[in-house]
Amino acid sequence: MNISFFNGVSGMIAYQESMNRISHNVANSNTVGYKPSKSTFSDLLYTRMAVNSAEEPLVGHGVKIEDTQLLYEQGPVLQTNSTLDFALMGDGLFALSLPDGSIQYTRNGSFDISMEGENGYLVNAYGYHVLDAQGRTIQLTRNAQSGLFDLEGLKDRIGIYDFPNPYGLETTPGGFRETATSGAAVSVNGGQNTTANFDRTYQVIQNALEQSGVQLADEMVDVIVTQKAFQVNARMVQTADEMEQIINNLR
């Protein structure tokens, strides 16, 4: 009975975590540049099913979330007619400098101008500086006649970065972080990668934004499957508890 109880409890915990992930995807269905994720499961513990068998077959007890897989696919592009909006087609990420000195990567190209003294810098919605291909902040210059910031050629100044394994990036509230699995970030210029051994294409589109990659239909299917799996495991726990009560009453 203990095995059935622990199997059911582990399943409830795993599928609750999966439901949390699905909820996070649905909540970000309108977030610019958002990439959804999907949970993968594995057995929690193996024991020998027949100790006297020459093959010693194993049986798994319980389940856990082995990993969260990033669905790094192209999202739909929406024209915004805003000069400070940029969408990435194909692979690649924008780089942002955080206040603590670390670098965060994002597909969200909704940028703005931050005034620091008399100088203007390209930033994102949180005020993080957008970096160029050399990892430097992008300072904007003013037009001598109009006094406005000159945005001509701004698209070519924004750095694009890529990773040997973008699926290994760590998801953060505002984008992604580099990990050992993703490999080191590689600066890409002019839509060509000449410094790493992976062949991908890159293109920046101005006056447009990449929309969320969440497919609500797929997420609703995952909700139904996850709820059913959670209910089955909850029923297993309930049945194991009822059988324990029957055994105790027989004593």
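Odds and ends about this structure:
- Once the range 131-153 is narrowed to residues that are assigned to a loop (DSSP other than H, G, I, E, B) and of a type in the set (D, E, K, R), the residue that is surrounded by the most Cβ atoms within 10 Å (Cβ to Cβ) is Asp132.
- Strands (runs of 3 or more DSSP E) enclosed by the range 90-130 - at least 1 residues per element that are without any contact (Cβ under 8 Å) to a residue 24 or more places away in the chain: 111-116, 119-124
- Odd one out for Ile65, checked against (1) without any contact (Cβ under 8 Å) to a residue 24 or more places away in the chain; (2) assigned to a strand (DSSP E or B): (1)
- With respect to (1) assigned to a loop (DSSP other than H, G, I, E, B); (2) at pLDDT 85 or above; (3) under 29 Å from Asp218 (Cβ atoms), the lone exception for Ser82 is condition (3).
- Positions within the range 5-20 being within 19 Å of the chain's Cα centre (by Cα) and surrounded by fewer than 18 Cβ atoms within 10 Å (Cβ to Cβ), in sequence order: Gln16, Glu17, Met19, Asn20
The values are calculated or read from the model by the stated rules, or taken from the named source; none is laboratory data. In this text, all values refer to a predicted model and were calculated from it rather than measured experimentally. A quick note on method: Cβ atoms are made from the backbone with ideal geometry, for glycine too, and the neighbour counts reach across all protein chains shown.
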